[in-house]
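**Q** Below: one structure in structure tokens.
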Amino acid sequence: MSTRMGGAVAGIAAGTLTLAVAEIGAALMMRGGMGSGNASPLVAVAGAFIDRTPAWLKDFAIATFGTQDKLALFVGMAIVLSAVCAAIGALGGPAKPPQKGVGDQQNLPKNGWPTWGLGLFALVGLVGVAAVLSRPDAAVIDVAPTVIGTLVGLWTLDRLWGRLRVAEAAVDHDQTMGSGQASRRSVLLWGGGLTVVGALGIVAGRTLSRAGEVVEAARAKFGTLRVSDPVQVPAGASQGVAGQTPYVTPNDEFYRIDTAVTVPQVDPQTWRLRVTGMVDRELELTFQDLLDADLVEALVTLTCVSNYVGGNLAGNGVWTGLPVREVLARAGLQDGADMVLSTSVDGFTAGTPLEAMTDDRNALIAVAQNGEPLLPEHGFPVRLVVPGLYGYVSATKWVTELKVTRFDQDEGYWTPRGWSALGPIKTASRIDVPRGESVNAGEVVIAGVAWAQHRGIDKVEVRIGDGDWQEAQLAAEPTIDSWRQWMLTWQAEPGEYAVSVRATDGTGEVQTDELANPAPDGASGWHTVDVTVEGS
Ligand SMILES: Nc1nc2c(c(=O)[nH]1)N[C@H]1C(S)=C(S)[C@@H](COP(=O)(O)O)O[C@H]1N2
Ligand SMILES: [Mo]
């Protein structure tokens, strides 16, 4: 083992210990109610990174990692941080000095090893401190775990480097290598051991911080909701083709997209919804106010603007909530307003055209999905659901404020990051089966879903190879705000086929074949799959 490698191990050990101390400290602070509850440097750096993600990078991340994008970010952070710590440890620490006599050693300054290495390490800690301070609602005390962690890391690095120097000196001194090797090996052992301890500490800190108990308890005693006109999903909405997207998406299979590094834990007891801005009187609603109100139920398909043609960032559910328009009417709208800026506890905002919140569509302040309280990752206790608009301009989860305002005065989270201020959902259709696998000649069922929320789907057509467009069979359409299943039975001959689908919305407009990427206002183009038909 070389001195450089020993230094690299020392650097990684110092880095992991720094994070372990910081993450455990942050978790303890959160549990003890100290600071803002957002002291974790890992979460802060990831959050700061996400907030600075330009449209093309978000596009790429979702295209590559899908809803695992946050896991991918953490893996990436671990790799970068390990590399930085290893480099500092290897280059900033003691190098094998040029051959010289024992006497020369005495000429080195007392603190012989380069202090700039420690300085660099401290700088990395400072990046963490800056990230923590940059988070919404940050408190100064939030930096304490990161600062203490960095000090522990510096001390660790200093000690391990000290051992390496002793090893070097021993090698030079007696040229026997024996004691030098032994001491270098001890650095490797110490460094490796401390890295394992540190990694366990990081896991412990992150686990400890998942204080989901309050929210779990609140969800458990949610009870049943009084709804005047419950949704009955007609059997005809489902065609039941194997592999076809189910009409209603089970809650735990619903796609999840948001900028929150950790799922916000919001206690419904302390939750408030404030209605502010261009209103005659500001309002504040409690969770109980919502439960006591006349709740309505509505089927609405949510779609993410980041969904690629054929992608699965869409889901359908029965949502229970209070129509936004009723709350806005209570507050009294002032002239000139054209937008509702909704804000989440985590700082996310969405700018929704006021009209979509006041016309007769089911724009809801939702408390339940498919008859159950919202899942924490889908916005518990309260989120917005607005038919016809992509989620990034309407579906604010963990919503705490509705500000009535103007598009020329305010903008939602994604607008300055390269996404369109307005986000009406584009007409889309998707082939669910067959997909990827080859099929046997004979009767083959092609099936999927199509959506054009708040306009509805009037027709779906399928083209096989260079054949004509054929009209697919449509399932019932309980509402124009949800997707619609379709299927087509095909007498397939052996061969290779490109199968495409296109939909016509309720206004008679045919889905465009013009290819567009998600940024800035949603993907377009016909979904096409290659199907191999095997002879029988
Ligand atoms: N607080 C918050 N709400 C949010 C977002 C977010 O990043 N933060 N993302 C929006 C986007 S882009 C979409 S597509 C929908 C997704 O909702 P889901 O995760 O419940 O499917 O939530 C919206 N609401
Ligand atoms: Mo989205």
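For every residue, the table says whether it meets (1) more than 13 Å from ligand 1 (Cβ to nearest atom); (2) closer than 23 Å to Ala519 by Cβ; (3) touching a residue at least 40 places away in the same chain (Cβ under 8 Å).
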site: Asn362; (1), (2), (3): yes, no, yes
site: Gln369; (1), (2), (3): no, no, yes
site: Leu375; (1), (2), (3): no, no, yes
site: Leu384; (1), (2), (3): no, yes, yes
site: Gly391; (1), (2), (3): no, yes, yes
site: Glu401; (1), (2), (3): no, no, yes
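**Q** Looking at region 442-536, what strands (runs of 3 or more DSSP E) fall wholly within it and have at least 1 residues that are surrounded by 20 or more Cβ atoms within 10 Å (Cβ to Cβ) and in contact with a helix residue (DSSP H, G or I) (Cβ under 8 Å, 6 or more places away or on another chain)?
**A** 484-492
**Q** So the check is Cβ under 6 Å with 6+ separation or different chains; which pairs have a first residue in region 235-261 that's exposed (fewer than 15 other Cβ atoms within 10 Å of the Cβ) and a second one that's assigned to a loop (DSSP other than H, G, I, E, B)?
**A** So the pair list comes out as Gly236/Ala476.
**Q** Right, next: Do we find that Val324 is in contact with a strand residue (DSSP E or B) (Cβ under 8 Å, 6 or more places away or on another chain) and either among the acidic types (Asp, Glu) or outside the structural domain of Pro136 (by TED's automatic domain parsing) (or both) in this structure?
**A** It is true that Val324 is in contact with a strand residue (DSSP E or B) (Cβ under 8 Å, 6 or more places away or on another chain) and either among the acidic types (Asp, Glu) or outside the structural domain of Pro136 (by TED's automatic domain parsing) (or both).
**Q** Can you tell me how many residues in region 309-336 are within 15 Å of ligand 2 (Cβ to nearest atom) and buried (at least 19 other Cβ atoms within 10 Å of the Cβ)?
**A** Selection size over region 309-336: 4.
**Q** Just one of the numbered conditions (1) more than 16 Å from ligand 2 (Cβ to nearest atom); (2) under 26 Å from Gln269 (Cα atoms); (3) modelled with pLDDT of 95 or more is not true of His378; which one?
**A** (1)
**Q** Within region 286-300, is there a residue that is under 24 Å from Ala260 (Cβ atoms), more than 14 Å from ligand 1 (Cβ to nearest atom) and out of contact with any Phe, Trp or Tyr (no Cβ under 7 Å at 6 or more places or on another chain)?
**A** Taking every residue of region 286-300 in turn, at least one turns out to be under 24 Å from Ala260 (Cβ atoms), more than 14 Å from ligand 1 (Cβ to nearest atom) and out of contact with any Phe, Trp or Tyr (no Cβ under 7 Å at 6 or more places or on another chain).
**Q** For Gly89, indicate whether it is modelled with pLDDT of 85 or more, touching a Pro at 6+ places or on another chain (Cβ under 6 Å) and farther than 28 Å from Leu313 by Cα.
**A** no
**Q** Tell me, please, whether a residue that is away from ligand 2 (no atom under 16 Å from the Cβ), in the same structural domain as Arg272 (by TED's automatic domain parsing) and basic (Lys, Arg) can be found in region 388-406.
**A** Yes, because at least one residue in region 388-406 is away from ligand 2 (no atom under 16 Å from the Cβ), in the same structural domain as Arg272 (by TED's automatic domain parsing) and basic (Lys, Arg).
**Q** Now for a different question. Quick check on region 236-243. Is at least one of its residues in a helix (DSSP H, G or I) and at pLDDT below 95?
**A** Scanning region 236-243, I find no residue that is in a helix (DSSP H, G or I) and at pLDDT below 95, so the answer is no.
**Q** Considering only residues that are outside any strand (DSSP E or B) and crowded, with 21+ Cβ neighbours inside 10 Å, which ones fall in region 337-353?
**A** Within region 337-353, Asp346, Phe348 meet the criteria.
**Q** Can you give me the ranges of the strands (runs of 3 or more DSSP E) entirely in region 255-307 with at least 3 residues that are within 16 Å of ligand 2 (Cβ to nearest atom)?
**A** 296-303
The values are calculated or read from the model by the stated rules, or taken from the named source; none is laboratory data. Because the structure is a prediction, the values reported are computed rather than measured. A quick note on method: Cβ atoms are made from the backbone with ideal geometry, for glycine too, and the neighbour counts reach across all protein chains shown.
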